[in-house]
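The values are calculated or read from the model by the stated rules, or taken from the named source; none is laboratory data. Computed from a predicted model, the values in this text were never measured in an experiment. No Cβ is skipped: glycine too gets one built from the backbone with ideal geometry, and neighbour counts run over all protein chains shown. The protein model used for the area step is the full one, side chains on, heavy atoms only, and it has no ligands, DNA or RNA in it. Shrake-Rupley method; radii C 1.70, N 1.55, O 1.52, S 1.80 Å.
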Amino acid sequence: MTPPPRAAHGTPDAAPPGTTAAPGLPREARRLAAEAVALRRALHRGPEQGLDLPATQRLVLDALDGLGLEIRTGRALSSVTATLAGAADGPTVLLRADMDALPVTEDTGLSFASRTTGVMHACGHDAHMAMLVGAARLLAARRETFAGRVVFMFQPGEEGEHGARHMIEEGVLEASGSRADAAFALHVHPNLPAGTVWLRPGPQMAASDRFRVVVHGRGGHASAPHTACDPVPVACEIVLALQTMVTRSLAADDSAVLSVTRLTAGTATGVIPDTAELAGTLRTLAEPTRQRLHEAIARVAHGVAAAHGATAEATVETGYPVTVNDTAFTDLVLRTTADTLGPGAANLLPAPQMTAEDFSYVLRAVPGALAFLGACPPDREPHEAASLHSSRMTLDEDALAAGIACEAAVALAFLAGRTGEPAR
Ligand SMILES: [Zn+2]
Ligand SMILES: [Zn+2]
């Protein structure tokens, strides 16, 4: 996915007159920018992986200290949930940042590069935490101006560990004392112009599942395949049949990606092995399609194996659900972003991305949205910047101020819309 760059670089000034955005937010966000960049760099230097991120949690707790938030930490994971109460009772909006890094050795040459070999904030979660702390700071200073509550969800284990699901099980959606009415998250994106926001109603990101097929044949001497049942050509045929199955079983306006990324068999050139194995990923944008393809993977594997007198075992490991944006909330984000950052900053994402997000668990339970925040480094064009998860991924830190303003503005706009009181 490479949406056309449409917006100017940077963060425009305060909202134009006659708009619904709380005035002054971009200016206040820019005032917090230096602090946000410093926090982001501190987090970037010391990345941690998985569900247990004690040093990361410490930095977040220290940064939130003194803001008058009600803070809870996780039991099964090192999460931080912070609740800000406004001047009066009202609805609850949840804002989320993920906290974990990836098993990647950093190759950016940055002065604040990871000090831990083999671990890097290559998905920008360091920027997410820094922006959410900034939004908390900005909103805490305005707590007398709004009714309702804002829950700040700092979540470990986004990269495959289902951290959001763990936090839901530990009550993050009820952290304010009543159930969250809406939820919002930003994900930085180095391949979109810095300071721009991109989202769409409906699927924004895909469901991601892993599959594995083991073909059972019968080994033997490589010179006499007729005395064996060779699983290698069967596995190869299954790879091709799976690709054909995807193209032939989906409507043109339905999307799925199936990639076989591992194919293993055998130990020696003179030996036909007993088994061959293939594994890969399945990405889908609709639950019925997802279920249908799970069944089809097994059917194709069993059928092709049977055709050659072999057998196959197929297993699918269910990953994150589809990330689905609520239509009304998407509209609110687009309007608020345009009012706060300027019309060019709010962009309708032309197509979903086939990457996956565990914020999908939150959006399955609460209406809301996930949006991409463009953060293309200043010395690159969006299409040529190193992508998320790359060892060379870098961000334009100027985008942090835009992200802080956007998160705060969306929270205020949602609360104002629910209570009928415009934020002052
Ligand atoms: Zn990631
Ligand atoms: Zn990420």
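The rows are residues; the columns are (1) among the aliphatic types (A, V, I, L, M); (2) open to solvent by 20 Å² or more (accessible area, probe 1.4 Å).
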residue: V333; (1), (2): yes, no
residue: T340; (1), (2): no, no
residue: P343; (1), (2): no, yes
residue: R364; (1), (2): no, yes
residue: P378; (1), (2): no, yes
residue: A409; (1), (2): yes, no
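Inspection of segment 307-327 finds a residue satisfying the criterion of being at positive phi and not polar (S, T, N, Q). So which residues in segment 68-107 are of a type in the set (G, A, S) and either in a strand (DSSP E or B) or under 20 Å from H166 (Cβ atoms) (or both)? Across segment 68-107, the qualifying residues are G74, A76, S78, S79, A82, A85, A88, G90, A97, A101.
Restricting G68, G46, G86, G50 to residues that are more than 21 Å from A408 (Cβ to Cβ) and away from ligand 1 (no atom under 16 Å from the Cβ) narrows the list to G46. For segment 206-254, a residue qualifies if it is open to solvent by 50 Å² or more (accessible area, probe 1.4 Å), closer than 19 Å to R290 by Cβ and not polar (S, T, N, Q), and the qualifying residues are R210, R212, R248, A251, A252, D253. Among the candidates G118, G134, the residue that is away from ligand 2 (no atom under 14 Å from the Cβ), open to solvent by less than 30 Å² (accessible area, probe 1.4 Å) and without any contact (Cβ under 8 Å) to a residue 40 or more places away in the chain is uniquely G118. All of R165, R149, R179 fail the test of being within 14 Å of the chain's Cα centre (by Cα), of a type outside the set (F, W, Y), modelled with pLDDT of 95 or more and open to solvent by 20 Å² or more (accessible area, probe 1.4 Å), apart from R165. Please verify whether D398 is closer than 24 Å to M99 by Cα and within 16 Å of ligand 1 (Cβ to nearest atom), treating the condition exactly as stated. Criteria not met by D398. Taken over segment 160-190, residues that are touching a Leu at 6+ places or on another chain (Cβ under 8 Å), within 16 Å of ligand 2 (Cβ to nearest atom), assigned to a helix (DSSP H, G or I) and of a type in the set (A, V, I, L, M, F, W, C) amount to 1.
Being under 21 Å from the mean Cα position of the chain (by Cα), in contact (Cβ under 8 Å) with a residue 60 or more places away in the chain, under 30 Å from S114 (Cα atoms) and within 16 Å of ligand 2 (Cβ to nearest atom) is a condition met by no residue of segment 344-352. A residue that is more than 16 Å from ligand 1 (Cβ to nearest atom) and touching a His at 6+ places or on another chain (Cβ under 7 Å) occurs somewhere in segment 370-385. Scanning segment 85-115 for residues that are small (G, A, S), within 12 Å of ligand 2 (Cβ to nearest atom) and touching an Asp or Glu at 6+ places or on another chain (Cβ under 7 Å) yields one hit, A101. The condition of being over 37 Å from the mean Cα position of the chain (by Cα) and in a loop (DSSP other than H, G, I, E, B) holds for A268. The set of residues in segment 255-294 being open to solvent by 60 Å² or more (accessible area, probe 1.4 Å) and more than 30 Å from H221 (Cβ to Cβ) consists of T261, E287, P288, Q291, R292.
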